[in-house]
Amino acid sequence: MFEIGVMADSFRLSIREGIKKSAEVGATGIQLYAVSGEMDPDNLDAAGRRDLLKFIKDQGLVVAAVCGDLGGHGFAIAADNPAKIEKSKKIVDLAKDLESNVITTHIGVVPAEDTEVRRVMAEACNELGAYAESVGAAFAIETGPETAVTLKGFLDGLDTKGIRVNYDPANLVMVTGDDPVEGVRILGDYIVHTHAKDGVMKQKTDPKVIYDFFAEGGIEDMRMSDYFLETPLGQGSVDFPAYLKALEEVGYSGFLTIEREVGGEPEKDIAEAVQFLKNILGK
């Protein structure tokens, strides 16, 4: 059966306080950002990693996944990729030291057609996936920038089994307008981690416009709130009972990791999200 996790950074506290809060609200696992600051792999030596893992275990938690999202345009720009790949491999090593086999990331917006950008992304993913696979881990691409059909076609064309999927149903609802239940059936063989998040689309636009906005730090006269809204679980367009049933049908039994990126009361929203999931799961 599913386990409930929390993106510890969603509490907007220090790392260790976020970890403690995750345990307090009833989660059994956490996801941690590991790209900068204290969690940057260059800033966390072997002793620091052992100490952090002990602290996590002392709270009764495991690391469900590590977020290695380096921002920008993902792996869509060839000139940026050597440095990003090197950093990403270090994040894989950190994840393994924290006893996690899943590193989540955004790779950019995958073009539906065979373009130079798509080939650049595939080359980077093949190298990253091969490295992850060699140590028993996987890079999990987060859903959202493209439809499930386009992402599956991209994954099917790779030369490695080290690239999988971090399934975020809300991103599909909010940005592509894709059906998150049907998307599970399309991507089922690739799903190794999920986000428990909800939302609504207010106005449809090209997903590339949305993700370029995040990558480039804003576009004049563009407000994300005009296009989509992240909501507490159960208050958006994700049909969670049907979504969880689909996950079960494709054989997924891992973490449902709560991610709350907006709102003024993250602890309240996350605690209610844990209870919402427990109610559906009969826990």
Given the structure, is E17 in contact with a helix residue (DSSP H, G or I) (Cβ under 9 Å, 6 or more places away or on another chain), closer than 19 Å to G162 by Cα, of a type outside the set (F, W, Y) and exposed (fewer than 14 other Cβ atoms within 10 Å of the Cβ)? no
Within the range 41-68, the residues that are farther than 20 Å from K20 by Cα and crowded, with 16+ Cβ neighbours inside 10 Å are P41, G68
Scan the range 69-116 for residues that are out of contact with any helix residue (DSSP H, G or I) (no Cβ under 8 Å at 6 or more places or on another chain), more than 25 Å from S22 (Cα to Cα) and small (G, A, S) and jot them down. A79, A83
Can you tell me which of V120, V175 is touching a helix residue (DSSP H, G or I) at 6+ places or on another chain (Cβ under 7 Å) and modelled with pLDDT under 95? V175
The range 93-121, residues that are crowded, with 21+ Cβ neighbours inside 10 Å and of a type in the set (G, A, S): A95, S100, G108
Would you be able to say whether some residue in the range 180-194 is under 21 Å from D80 (Cα atoms) and among the basic types (K, R)? no
Could you go through the range 151-159 and let me know if any residue there is assigned to a helix (DSSP H, G or I), modelled with pLDDT of 95 or more, open to solvent by 30 Å² or more (accessible area, probe 1.4 Å) and aromatic (F, W, Y). no
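The values are calculated or read from the model by the stated rules, or taken from the named source; none is laboratory data. These numbers come from a predicted model, not from an experiment. Here Cβ is always computed from backbone atoms with ideal geometry, including for glycine, and neighbour counts include all displayed protein chains. Just so you know, the surface numbers come from the protein's heavy atoms only, side chains and all, with ligands and any DNA or RNA stripped out. Shrake-Rupley method; radii C 1.70, N 1.55, O 1.52, S 1.80 Å.
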